[in-house]
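Data first, discussion second: the structure below is written as structure tokens.
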Amino acid sequence: MWTSDKIHRTFKASAISALAVLLAAVPLRARTPDNDEKPRSVDVTVQGVAPGLLKQDNFRLLVDNKPVAFQLVPPETRTSILFLVEDSQYSRWMLSKDLATAILGLLDASPKGTWFGLATYSDRLKLDDDLTQNKERIVSALRNLPQPVWPEVETFDAVYKALDELELIPGRRALVVIGSGYDRSSEHTADEIQSKIEESHTLVYSIGIGSRLRGDYEPYLRYDRRMRFAQDELFLRLIAQDSGGMSWFPKNEDAFRDAARQLELALKNQYRLVYFAKVTGRHEFHPIRIEALEGTGSQRREIDVRARKGWRY
């Protein structure tokens with residue numbers, strides 16, 4: 001579990017530089033009856049390689065360090081993306097063009113037929129627009145955001161609630177968190193967010209705001225301020241990492257469009273492995289490892305892929 005203290009210790013140990021490609025599975029159904037011990041289908045979403053280049057025999061799947069049989073099936077056709085945007089007095093001065101550049105870039109880069117939603121948060125989560133395929137509705141809702149009045153930032157509660165809402169939606173789901181990562185008064189803890197992600201079907205992608213601070217002004221900030229920003233950034237990295245998603249921390253405003261292009265590729269370059277597991281309802285964590293190989297015979301070599309590091313039932 002990664003509590004706030006543990007996040008701080010992890011940063012002090014320079015774990016930020018060690019965060020990279022990790023593996024995990026995504027369950028098709030996050031809730032099961034406590035007395036249900038029958039095999040249930042489980043999804044493993046794998047990213048990082050263009051579709052069609054790898055076949056079933058290019059993958060090896062291990063659950064609890066044991067190889068398991070699986071089927072390679074096409075990804076679900078429907079994709080829903082919810083933008084979760086921090087909109088508080090704390091963050092508004094950081095946003096400037098960051099917010100518009102990030103969201104408009106992601107809208108432009110997303111595949112046709114994608115569903116979009118916009119939610120904002122400060123002291124609470126607010127759904128600013130229901131899921132729609134009309135990009136202009138999202139743009140309009142973004143432009144018409146009122147001036148924030150609350151200094152409180154409840155990032156943990158907003159992420160938890162957004163994951164709850166997305167679990168009700170069919171198909172592939174992505175939560176794009178755009179914010180500082182700062183949390184001041186949430187009821188939910190970092191540990192609870194981790195557990196929620198480990199049993200959720202949703203991929204989380206995070207984009208850190210405050211690019212100019214991290215770029216031009218960071219060398220001039222006080223030590224405690226830099227530490228605060230670093231811990232907040234680590235939280236955003238962790239929620240993406242645990243879900244099998246990605247995180248970006250652009251150091252200038254133009255870099256947000258690069259993040260948009262990388263997210264577009266991440267959503268397109270996906271494989272779906274399905275296997276069966278006995279689910280007891282005890283919410284235990286099961287680590288997963290995926291080996292992906294390309295080539296044939298002695299010329300085979302392992303390639304990097306990205307997925308969750310495990311699932312919790």
Handout entry: Rg(Cα) / (2.2 N^0.38 Å) computed for the stretch 49-167, rounded to two decimals
Key = 1.38
Practice task
List the equivalent ellipsoid semi-axes of the stretch 153-233 in whole Å, largest first, each obtained as the square root of 5λ for an eigenvalue λ of the Cα gyration tensor.
Solution key: 28, 14, 9
Fill in the blank from the handout: Violations at 32 Å Cα threshold for listed pairs Lys66/Lys126; Lys55/Lys161; Lys55/Lys135; Lys135/Lys278; Lys161/Lys278 -> Lys66/Lys126; Lys55/Lys161; Lys55/Lys135; Lys135/Lys278
Handout entry: Average accessible surface area per residue within the stretch 96-177, 1.4 Å rolling probe, Å²
Key = 46 Å²
Fill in the blank from the handout: With the 8 Å Cα cutoff and a minimum separation of six or more residues, the stretch 183-251 has a relative contact order in percent of 51 percent
Practice task
Express in % the proportion of alpha carbon pairs of the stretch 187-269 at distances exceeding 20 Å.
Solution key: 43 percent
Exercise for the section: Determine the order of Trp311, Trp115 by accessible area, beginning with the largest, at a probe radius of 1.4 Å. Expected result: Trp115, Trp311
Problem - At q = 0.24, 0.25 Å⁻¹, base-10 log of I(q)/I(0) for the stretch 234-309 (Debye sum, equal scatterers on each alpha carbon) - result: -1.23, -1.27
Exercise for the section: Among the aspartates and glutamates, select those whose C-alpha is under 18 Å from the C-alpha of Lys309, and discard any that sit fewer than 8 residues away in the same chain. Expected result: Asp43, Asp64, Asp191, Glu192, Glu198, Glu199, Asp242, Glu284, Glu291
Completion exercise
Dividing the alpha-carbon radius of gyration of the stretch 42-81 by 2.2 N^0.38 Å, where N counts its residues, gives 1.32
Problem - Overall dimensions of the stretch 148-288 as given by Cα atoms, namely Rg and Dmax in Å - result: 16.7, 54
Fill in the blank from the handout: Bounding extents of the stretch 107-201 in its principal axis frame from Cα atoms, largest first in Å, are 36, 35, 20
Exercise for the section: Could you let me know the centre-to-centre spacing of the stretch 151-229 and the stretch 70-93, using Cα atoms, in angstrom? Expected result: 12 Å
Exercise for the section: Determine the shape class of the stretch 229-275: with a ≥ b ≥ c the square roots of the Cα gyration tensor eigenvalues, call it rounded for a/c under 1.5, and otherwise prolate if a/b is greater than b/c, oblate otherwise. Expected result: oblate
Problem - Rounded to the nearest 10 Å², the accessible area of Glu218 at probe 1.4 Å - result: 70 Å²
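The values are calculated or read from the model by the stated rules, or taken from the named source; none is laboratory data. Remember, predicted model here, so these are calculated numbers, not experimental data. To get the accessible areas, we keep the full protein, side chains included, count just its heavy atoms, and leave off ligands, DNA and RNA. Shrake-Rupley method; radii C 1.70, N 1.55, O 1.52, S 1.80 Å.
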